[in-house]
Amino acid sequence: MKNLSMRDALRAALHEEMVRDERVFIMGEEIGKWQGTHRVTRGFYEEFGAERVRDTPISEMAIAGVATGAAMAGLRPVAEMMTINFAFLAFDAIINHAAKIHYMFNGQITVPLVVRAATGWGNQATATHSHTPEPIWAHFPGLIVGCPSNAYDAKGMLKAAIRDDNPILFTEVIALYPKPSPIPDEEYLIPIGESAIKREGDDVTIVSYGRGVEWALEAAETLAKEDIQAEVVDIRWLRPLDMSKTLESFKKTNRCVVVEESLPHYSFGSEIAAQLQEAAFDYMDAPVKRVSALDVPLPYAREIELMALPNAAKVVQAVKEVL
Amino acid sequence: MATKTESLTKETLLDWYHDIVLIRHFEDRCHHLYFEEKDPARKITGVYLHLATGSEATHVGAVKALGEDDHVITAYRDHGIAIARGVNPDRVMAEMMGKRTGTSGGKGGSMHLADRDLNFWGGYAIVGGHLPLAAGIALKEQYVKSGNAVLCFVGDGALNNGYFHETANMAQVWKLPIVFLVENNLVGMGTRIEESSGQTNPIKRAVGYGMKEGPSVDGQDVVEVYEAVKAELDWSRENGPVLMEARTYRFEGHGVSDKAFNAREDLKGELAIWEARDPINVLTARIKKKYKDVDETLAALDAEAVRIVDESVEYAVSSPAPDYNDLIANVYVGFEAGV
């Protein structure tokens, strides 16, 4: 057992899988000689060489599309989008191709592809560099979407993703890269489509993923001082969406707050709320409350940027509104 | 271009003739089943049906240049390429009719034929979207040092899409074994190449990427296409990508939605010129120049093609439609749909 940052845990996951399986290779902008924008691939170029650590031109459509083709033909590419903001350029390659090919050709072709992308609001990164858009990717059948909330999950989830035969968008919250978790020395995988209870409590269910889990846990500590016990569910994989733990928790607490770093309209929170009212209407003692980013593009100035974003205090407030 | 027909056997030329007339009859039958067939159980339906009529020599010549372990991928005008690669016409027609026995189980349709066992990776319907897939397949072959290459058909219109730019550049940077064969029929859906492209010579696009400028061949002549594509595939195995062109024409417009293109008065003369260079006529002339007394043989091959198409229609008509279980199958590997 040792403490590793999420960055180092992801690096360990990638490293272990590249050592284990020669078909696994990585490609992306500045991932090799430059060591990776987020330093997840630091040292890989020197260790694995240019064939398996492929620096690409600035060509998001081709990065996603070429990786898809290589996956179709039998390799197991892990393509890196420097940030999810740039992945919008690759939307067609990922959604119209990677996610559809298995179905469109009736299962003849599989696409064992992982697209990694840094996600989340940065410090004053402004409107085009401040997306947390997992829900729009998770809209489409055929794609798996995962986003870990800590270093431990990140390692087990990424390893599972690389071994899976489906196309997967795997996003990594930039703000979580430096944060450490205890990581066991022995290998472990976190199965795709498995949510987790991150804190137990009887009074309210807080559902989130990624950065939102951190705010939920922080809010739960604050609420505990007032004798309010929140149960925190980390969805981990937006697709396939595992509602079992959320439903089980909700049937106990009868109240729910959804926390998301992303925008409120047609969102993660909308989906969780809709599924709860469909599956557990009789257990509902209050409307499901959503804590989301404000419905504006993110601005530059720190004062107003922070106003637009969720935080633990806003989660505490929302919980009090549903009690 | 110098031809080397001496090296091709009579059997080979007749084999190509068979495929070309088979594709012609197949496409003519699709046209009939779409527009004229009255029996709903025998009709081809849907909004998309892009016929290869007029382009058969380009499709057959290029595909025959592939080795067994090489790969081919294309856009939505894919019927002829599928048949040339050896996909059973029964299964192609069944896919046209949306049947479970189709190449894609009735889930792909006309634009999404594929046969993984034949390294025919399919037809794709987002213009340019298949280009990086082709490069990815080539990357795999380079990665495992197989010596196999990829033939990627690309329309002249698709050269103006960002996918082409990004893929061409990356393929050249990585020296991927791929031949981009521009199927230049002079027009996108309706917009002419000179109205859509600053550089109307497709091969000149290669210069911007440092890529090999391959030959421009007569796409109506199956022998010329075959020899040029074979040579470029072999070059690409060791040296990297090539951009080449086959000059061809659509005899039936863009697709079934396009009833106007070939009826345009200003293009009547052009169509007549190209119809005079029908791939079937060009190959027939080649065969007759070299061999005597082939009329009966060619007529027999033509009748054989009609019989194969007849059988494919009966096979498709008598095949079951996909059901609910098919609808929800193969969304994921190992996970249920609707989750």
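The values are calculated or read from the model by the stated rules, or taken from the named source; none is laboratory data. For clarity, every value in this text was computed on a predicted model and none was experimentally measured. In this analysis, Cβ positions are derived from the backbone assuming ideal geometry, glycine residues included, and neighbour counts consider all displayed protein chains. Surface areas here come from the heavy atoms of the whole protein model, side chains and all, with no ligands, DNA or RNA. Shrake-Rupley method; radii C 1.70, N 1.55, O 1.52, S 1.80 Å.
Between B:Asp28 and A:Asp227, how many nm apart are label points set 7 Å from Cα along the C-beta direction?
For B:Asp28 paired with A:Asp227, the spin-label model returns 9.0 nm.
May I ask you to list the residues of the stretch B:159-173 whose amide nitrogen lies under 15 Å from a point 7 Å from Cα along the Cα→beta-carbon direction of A:Ile58?
B:166
Along the Cα-to-Cβ line of B:Val47, 7 Å from the Cα, sits a label point; which residues in the stretch B:91-118 have backbone N less than 18 Å from it?
Answer for this model: B:98, B:107-112.
Per-residue accessible area for A:Trp34 at 1.4 Å probe radius, Å² rounded to 10?
140 Å²
Among all helices in chain B defined by DSSP H, which have a length of 15 Å or more along the axis from Cα atoms plus a Kyte-Doolittle mean of at least 0.0? Walk me through the numbers before you get to the answer.
Working: long enough: B:10-35 (37 Å, -0.42); B:130-143 (19 Å, 0.28); B:162-173 (17 Å, -0.30); B:222-239 (25 Å, -0.46); B:279-290 (17 Å, -0.27); B:295-318 (35 Å, 0.22).
Span-like helices here: B:130-143, B:295-318.
Against the longest principal axis of chain A, how steep is helix A:268-280, in degrees 0 to 90 to the nearest 10, with axes from Cα atoms?
60 degrees
What distance in nm lies between label points placed 7 Å from Cα along the C-beta direction at B:Asp39 and A:Ala286?
6.7 nm
Show me A:93-100, B:143-150, A:46-53 ranked by packing, highest mean number of other Cβ atoms within 10 Å first.
A:93-100, B:143-150, A:46-53
Going 7 Å from the Cα of B:Phe335 toward and past its Cβ, which residues in the stretch A:59-95 have a backbone nitrogen under 15 Å from where you end up?
From the stretch A:59-95, the list is A:95.
Accessible surface of A:Lys179 in the full protein assembly, 1.4 angstrom probe, to the nearest 10 Å²?
80 Å²
Specify the residue with the greatest mean-square fluctuation among B:Asp323, B:Asp221, B:Asp70, computed from a Gaussian network of chain B linking alpha-carbon atoms under 10 Å apart.
Answer for the Gaussian network model of chain B: B:Asp323.
Shape verdict for the stretch B:168-247, please, from the Cα gyration tensor: rounded (a/c under 1.5), prolate (a/b greater than b/c) or oblate.
It comes out oblate by the Cα gyration axes.
How much accessible surface area, in Å² rounded to 10, belongs to the heavy atoms of B:Asp69 with a 1.4 Å probe?
Ignoring ligands and nucleic acids, B:Asp69 comes out at about 90 Å².
Let me confirm one metric for peptide A:215-222, namely the mean number of other chain beta-carbon atoms within 10 Å of its residues' beta-carbons. Mind showing how you got there, number by number?
Values: counts 0, 0, 0, 0, 0, 0, 0, 0.
Across the residues of A:215-222, the mean count of other-chain Cβ atoms within 10 Å is 0.
Order the peptides A:183-195, B:158-170 from the highest to the lowest mean number of other Cβ atoms within 10 Å of their residues.
Highest to lowest by the protection proxy: B:158-170, A:183-195.
For B:Ser196, B:Ser55, what's the largest-to-smallest order of accessible area, 1.4 Å probe?
B:Ser196, B:Ser55
Given a cut-off of 19 Å, name the pairs among A:Lys198/A:Lys245; B:Lys64/B:Lys290; B:Lys64/B:Lys140; B:Lys230/B:Lys290 whose C-alpha atoms lie farther apart than that in the structure shown.
From A:Lys198/A:Lys245; B:Lys64/B:Lys290; B:Lys64/B:Lys140; B:Lys230/B:Lys290, over 19 Å: B:Lys64/B:Lys290; B:Lys64/B:Lys140; B:Lys230/B:Lys290.
Using Cα pairs under 8 angstrom and six or more residues apart, how large is the relative contact order of chain B, in percent?
With pairs under 8 Å counted, the relative contact order is 23 percent.
Could you work out the mean projected area of the convex hull around the alpha carbons of chain B, in square nanometres to one decimal?
Taking a quarter of the hull surface, the average projection is 18.4 nm².
Under a GNM of chain A (C-alpha, springs under 10 Å), which listed residue has the highest mean-square fluctuation: A:Gly107, A:Gly65, A:Gly269?
Ranking A:Gly107, A:Gly65, A:Gly269 by mean-square fluctuation puts A:Gly107 first.
Okay, helix-only estimate at 222 nm for chain B: each DSSP H run of n ≥ 4 adds -39500 (n - 2.57), divide by all residues, round to 500 deg cm²/dmol; what do you get?
-13500 deg cm²/dmol
Could you work out the relative contact order of chain A, using alpha carbon pairs under 8 angstrom and six or more residues apart, expressed as a whole percent?
16 percent
Using only Cα atoms, find the angle between the long axis of helix A:312-322 and the longest principal axis of chain A, and express it within 0 to 90 degrees, rounded to the nearest 10.
It works out to around 50 degrees.
Would you look at the GNM of chain B, springs on alpha carbons closer than 10 Å, and say which of B:Pro132, B:Pro40, B:Pro241 moves the most?
For chain B, modelled as a Gaussian network with Cα springs under 10 Å, the answer is B:Pro40.
With the convex hull built on the Cα atoms of chain A, state its orientation-averaged projected area in nm².
Values: hull surface 65.3 nm².
Orientation-averaged projected area of the Cα hull: 16.3 nm².
Report the gain in length on full extension from A:Lys33 to A:Glu186: 0.36 nm times residue separation, minus Cα-Cα distance, nm rounded to one decimal.
Working: separation 153, 0.36 × 153 = 55.08 nm, distance 2.99 nm.
Full-extension gain reported as 52.1 nm.
Counting Lys +1, Arg +1, Asp -1, Glu -1, what net charge surrounds B:Asp221 among other residues with beta carbon under 9 Å of its beta carbon?
Cβ neighbours under 9 Å give a net charge of 0.
What does the convex hull of the alpha-carbon atoms of the stretch A:142-198 project to on average, in nm²?
Value for the stretch A:142-198: 4.3 nm².
Taking 8 Å as the Cα distance limit and 6 or more residues as the minimum spacing, I'd like the relative contact order of the stretch A:196-322 as a percentage. Present the calculation step by step, with values, prior to reporting the outcome.
Numbers: 234 pairs, mean separation 35.1, N = 127.
Dividing the mean separation by the residue count of the stretch A:196-322 yields 28 percent.
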